[in-house]
Every structure is written in C-alpha cells, then in structure tokens.
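What follows is calculated from the coordinates using simple rules that are stated; it is not laboratory data. Everything quoted here is computed from the prediction, not taken from an experiment. Please note: Cβ atoms are built from the backbone with ideal geometry, for glycine as well, and neighbour counts cover all protein chains shown.
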Amino acid sequence: MQLFNNQEIKIYNSLTGEKELFTPINDGYVGMYVCGPTVYSNVHLGNVRTFMSFDMVFRYLKHLGYKVRYVRNITDAGHLENDADVGEDRIAKKARLEEIEPMEVVQRYTVDFHNILNTFNFLPPSIEPTATGHIIEQIELIKTIIDNGFAYEVNGSVYFDVHKYNESNEYDILSRRKLEDLIHNTRELDGQSDKKNPQDFALWKKAEPTHIMRWPSPWSDGFPGWHLECTAMSTKYLGEQFDIHGGGMDLKFPHHECEIAQNQASKGKSPVNYWMHANMLIMNGKKMAKSTGNFILPTEIFTGDNPHITKAFAPSVARFFMLQAHYRSVLDFTNDGLLASEKGFYRLMDAIDSLDDIKTSASSNIDIDTWKQKCYDAMNDDFNSPILIANLFEAVKYINQLKEGKASISESDLETLKATIQTFVFDILGLVNVSKSETGTDKLSSAVELLIQLRQEARLNKDFATSDKIRDDLAEAGIQLNDGKDGTTFTTN
Ligand SMILES: [Zn+2]
C-alpha cells in the first residue's frame with residue numbers, strides 16, 4: 001500500500017468494533033458516502049456535528065494526498081415519519097401544513113442546509129445526489145432484489161423479506177440486534193399491513209390517491225422506501241464496494257443495517273469496508289428537543305438569540321467547540337462550554353497572529369519535527385481532534401515563550417511551525433482566523449464596558465457632568481445604560 005505523507009491511519013470500524021488500519025480498495029483513492037439530511041426542516045445542530053466530523057475526515061484524507069470522492073445525499077422523498085413504514089412522508093406533511101409544493105419545501109431547506117454548512121466553513125462534497133434524481137436506479141435495484149428472491153410484492157408495494165434474507169445472511173451484522181430479539185420486541189401486525197412480518201421493510205410503497213410525490217413503476221404509482229436511495233446512489237457513484245460509509249449513530253439501525261441487506265441481496269457483497277458513526281449532541285446534559293424547549297438552531301448561535309446562551313458566538317468558535325470532542329463521544333452543548341472554547345479559540349488565533357513577529361535564532365530548543373508528527377499521530381488515531389487541539393496548545397505555549405524571549409527557534413523550524421499550523425488549524429480543522437475585534441458584539445461590549453467603568457469612576461469622584469455626558473452620548477448612539485443593584489448593564493436598540 002502506498003503511504004501518503006508517510007502516515008498510517010487507523011479507523012474505528014463500527015462493523016467489527018475495532019480500530020483497524022485503513023487500506024483503501026484502490027491505492028491512492030478513497031470512496032466515502034455519508035447519509036445526508038432529509039430536507040423538511042432547518043438542519044438540526046446534531047446533524048451539523050455529524051457532517052462536521054466527516055468534513056474533517058474528508059479534509060484530512062485530501063491533505064494526505066488521497067483522491068477522495070465524497071458523496072453526501074439529499075433525501076427529498078420517501079422518508080416517512082415512522083421507521084416502520086407508516087405515517088406521512090416528512091416532506092409531503094410539511095408541504096401540506098404550509099400549503100406549498102413538496103418541492104418548495106425541498107428547495108427551502110436545501111438552501112438553508114447549504115447556508116448553515118457554508119457558514120461553518122464546510123467543504124462541499126464531490127457529489128450531492130438526490131433521491132428523486134435516482135428513481136430509475138432504485139426501481140432497477142428493487143427488480144434485482146425480487147429476482148434474487150429477497151423481496152415480494154403485495155398490493156402494489158414491495159417489501160424486503162428480512163426473514164428469508166436472514167436464512168443465508170446476517171441481518172444483525174452491524175447493529176448486533178438479533179432477529180429473534182427484534183421479533184420479540186415488535187408489536188404484532190394489526191391486519192392493516194401488507195407485510196409478511198413486521199421486521200420487513202418497504203422498498204416501494206404504493207401512493208395513496210392524495211400523495212403528490214409519486215412515480216410510475218412496474219408495481220404501482222408510488223415512491224421508494226427510504227433505505228433504498230443510499231444503496232442506489234452509493235453503488236452508482238462509488239461502486240458495489242467502497243471504503244468509508246458514515247452517518248449519525250441513530251442511523252445504524254435500521255437504516256444502515258438495511259443498506260447492507262439491500263447490497264447483499266442485490267450484489268451478493270457487503271458494500272462498505274469501514275463503517276463510521278458519529279455520536280450524539282445533547283444540550284445541558286439532556287436530549288435536544290424542540291418540544292421541551294431544550295433546543296437551539298445553528299443560526300441562533302451566531303446571533304445569540306436563544307435563552308440557552310448568553311451571547312453570540314462566531315461560527316469558527318462553535319466549530320472549534322464541536323471539534324474539541326472526539327466524534328465518537330457524546331458532546332454536551334452548553335453556554336459555559338462555548339465560553340471556554342471561545343477563550344481557547346482566541347488564544348490560539350492570537351498566537352498564530354504573532355507568528356510573523358517572531359525573531360529566529362541559529363538553533364531551536366524545541367523538537368519541531370516530533371511535535372509535528374504528534375499532530376499527525378492524533379489524526380491518524382481515528383481522527384482524534386481533541387488530542388490534535390491539545391498539541392496545538394503546546395505550540396501556543398511555545399510561541400508565547402518565543403515572544404517573551406524565553407525560547408529560541410531556527411528559521412527553518414519556524415517555517416515548519418507556520419506550515420504545520422496552517423495545515424492543521426485551517427486546512428484540516430477548517431477554522432477561520434477571525435480576530436476578536438471582527439466579531440461586532442465583542443467589539444461593542446468591550447468598548448461600552450470601558451465607558452461604563454469611566455462613568456463609574458467619574459461618579460465616585462462626584463464629577464456628575466462627565467458621568468451624565470457619557471450616559472447621554474451613549475443614549476444618542478442607541479445604547480441605553482441601566483443602573484441596577486448589581487452594577488450597570490447596557491442594551492442596544
Ligand atoms: Zn443513508
């Protein structure tokens with residue numbers, strides 16, 4: 001195997017439960033598929049975190065020199081409200097509630113999704129296919145699965161025969177949920193269902209007369225089952241077998257288990273060599289949910305307009321905060337956590353800004369090459385961004401010593417230090433160097449805090465002319481000072 005940049009990567013493979021040396025199928029090339037959003041509402045912060053983890057993986061593999069084809073789909077049809085193939089299509093439901101076309105819903109939330117990801121400085125994937133753009137491929141896939149004896153048609157709908165499949169394959173290979181346990185834990189069919197067994201899942205659903213999103217097929221006018229699109233699109237763009245498949249932990253079952261089953265049933269092959277799952281994002285120690293109010297939209301982080309945070313945070317600060325947790329750990333989103341990350345982020349950026357002022361010496365008293373390899377080692381160990389960030393703070397410490405003349409560095413080592421920081425901070429973690437003064441709220445509040453302090457001093461000196469002038473001039477500029485028993489605060493209008 002060709003090594004890129006001399007680095008060997010180990011990936012935690014959800015399929016085996018072990019960290020494994022990464023060996024791509026085709027030397028030098030990586031095929032990566034990540035399940036994208038169902039575009040029926042604003043993108044959830046938990047999904048942003050999942051996609052951010054894979055953005056980082058994409059960036060690192062590219063940096064090492066792999067030619068990566070990264071496919072992340074858009075689900076714009078077929079995703080029902082309930083995993084048991086019942087309930088309304090999520091997009092159709094939103095369209096009905098808002099009295100617009102389903103494709104208007106798709107357009108609106110696809111644009112929102114891209115806007116949020118751009119704000120967080122994501123790289124676009126290589127291909128972003130949609131389910132509705134691949135109906136023909138999905139119909140062909142169903143035909144093959146029927147021909148191979150793993151699916152059956154009832155009343156215009158087609159279901160995957162999980163029990164039949166499990167006789168010659170393992171339906172629990174990824175999620176380790178034994179079929180016997182699933183049978184035990186699933187409610188009996190209520191007679192309304194066409195399925196032979198409740199564990200079977202839909203490949204094609206016949207559309208009700210009122211269902212707008214429908215396509216002709218050999219079985220009925222209808223729409224594909226949600227699990228099918230990922231198999232159709234990953235096969236089309238990455239081949240029957242490819243290197244990495246990613247997604248959120250919640251997709252392991254049934255979605256990813258079904259993807260494997262569809263591939264085995266149609267091609268006789270396990271599709272993916274390395275399954276990667278990003279863990280959940282919670283808020284204030286609890287599940288994030290709109291219904292309980294324990295919820296924040298990504299845009300509200302940038303505006304500060306949410307009761308769970310005390311101020312606005314720059315997108316790179318929020319990105320830095322999320323990458324300070326390993327992708328396989330649960331991340332608890334809290335105001336205190338964001339505030340701490342903000343401090344750390346600006347400390348890192350201040351150190352980077354001061355790199356240009358550092359004077360070089362004949363020799364260095366730090367082993368830059370060892371430090372640089374430690375940064376790679378962190379990423380090679382299952383993309384361990386928190387360890388990488390700890391190493392970056394080692395560099396901050398050293399830069400500060402250099403500034404104070406307490407350490408020395410040679411010209412070539414300084415070049416290596418600068419280039420390594422550029423690589424890891426900006427190219428791989430994907431942060432953007434925003435200085436504190438560029439974020440309006442910080443700039444404003446520190447200036448006003450200074451004036452409040454001056455006014456306080458004037459009042460203590462009984463210089464009421466000055467203290468009143470400060471208050472009145474601020475009011476004229478649209479900033480109201482409010483004197484309370486805990487001191488003075490300000491509001492803007
Ligand atoms: Zn998927």
Assign one of three labels to the chain, namely rounded, prolate or oblate, based on the Cα gyration tensor with a ≥ b ≥ c the square roots of its eigenvalues; rounded applies when a/c is under 1.5, prolate when it is not and a/b is larger than b/c, and oblate otherwise. oblate
Express as a percent, rounded to the nearest 5, the fraction of DSSP beta bridges in the chain (both residues included) that run antiparallel. 50 percent
Mind checking the full-extension length gain between E20 and D357? Use 0.36 nm per residue of separation minus the Cα-Cα distance, one decimal, nm. 117.0 nm
Over the chain, relative contact order from alpha-carbon pairs under 8 Å, at least 6 apart, %: 15 percent
What does the C-alpha gyration tensor say about the overall shape of segment 439-492? Classify as rounded when a/c is under 1.5, otherwise prolate if a/b is larger than b/c, or oblate. prolate
Check which residues have an amide H placed less than 5 Å from F333's amide H, if you skip close sequence neighbours. I282, M283, N284, G285
E415/E99 FRET efficiency (R0 60 Å; Cβ-Cβ; nearest 0.05): 0.50
State the answer as a single residue: which of L338, F120, V158 lies farthest towards the positive end of the charge dipole of the chain, with beta carbon charges of +1 for Lys and Arg and -1 for Asp and Glu, about the Cα centre. L338
When the charge dipole of the chain is computed with +1 at the Cβ of Lys and Arg and -1 at the Cβ of Asp and Glu, the Cα pointing farthest to the positive end, of V448, A289, I136, is that of V448
Rounded, prolate or oblate, given the Cα gyration tensor of segment 94-203, with a/c below 1.5 counting as rounded? prolate
Among the listed pairs K343/K406; K374/K418; K164/K195; K94/K311; K372/K418, which are separated by more than 20 Å between their Cα atoms? K343/K406; K94/K311
With only helices counted (DSSP H, runs n ≥ 4, each -39500 (n - 2.57)), the per-residue ellipticity at 222 nm for the chain, to the nearest 500, works out to -13500 deg cm²/dmol
Using R₀ = 56 Å, calculate the FRET efficiency as 1/(1 + (r/R₀)^6) where r is the Cβ-Cβ separation of D367 and L450; round to 0.05. 0.85
Gain in span if fully extended, A477 to N42, counting 0.36 nm per residue against the direct Cα distance: 153.1 nm
Cβ density ranking, 10 Å radius, fewest first, applied to I183, I421, I260, I387 yields I183, I387, I421, I260
Separation between the T466 and K269 pseudo-spin-labels, each 7 Å from Cα along Cα→Cβ, expressed in nm? 7.9 nm
In nm, what is the difference between 0.36 nm times the number of residues separating V86 and I212 and their Cα-Cα distance? 43.7 nm
